[in-house]
1. Using a 10 Å cut-off on Cβ atoms, rank the peptides 49-58, 31-40 from the highest mean neighbour count down.
2. What is the chain's relative contact order, in percent, from Cα pairs under 8 angstrom and six or more apart in sequence?
3. Calculate, for Leu55 and Val35, the FRET efficiency according to 1/(1 + (r/R0)^6) with r their C-beta to C-beta distance and R0 30 Å; round to the nearest 0.05.
4. Report the FRET efficiency, 1/(1 + (r/R0)^6), for Leu42 and Gln15, where r is their Cβ-Cβ distance and R0 is 22 Å, rounded to 0.05.
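Each value in this text was obtained by applying a stated rule to the coordinates, not by laboratory testing. Just so it is clear, the model here is predicted, and its values are computed rather than measured. Positions of Cβ are generated from backbone atoms using ideal geometry, with glycine treated the same way; all protein chains shown enter the neighbour counts.
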Amino acid sequence: MKVIVDMDVCQDHGQCVFAAPEVFSLDADGRLGFVEHPDASLREEVEDAADVCPLQAIRVED
Ligand code: SF4
């Protein structure tokens, strides 16, 4: 699984962090970071994060 976030669109509000904390995080400056190739077992969490992102900035690929 590959996670892609359009950082030009992302506004770092962090809804994805609440939905999938093992994959998404905010650094000390409040900027979003994420695991690019998370374990397949986290797929549901990642898809939830993509769903809750208000800007639809998250894409998931196989
Ligand atoms: S929910 Fe979307 S806009 Fe918000 S931090 Fe995550 S990727 Fe960025």
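1. Values: 49-58: 16.4, 31-40: 13.3.
The densest-packed peptide leads the list: 49-58, 31-40.
2. The normalised contact order for the chain reaches 49 percent.
3. With R0 = 30 Å, the Cβ-Cβ based efficiency is 0.95.
4. Values: r = 17 Å, r/R0 = 0.75.
Efficiency for this residue pair is about 0.85.
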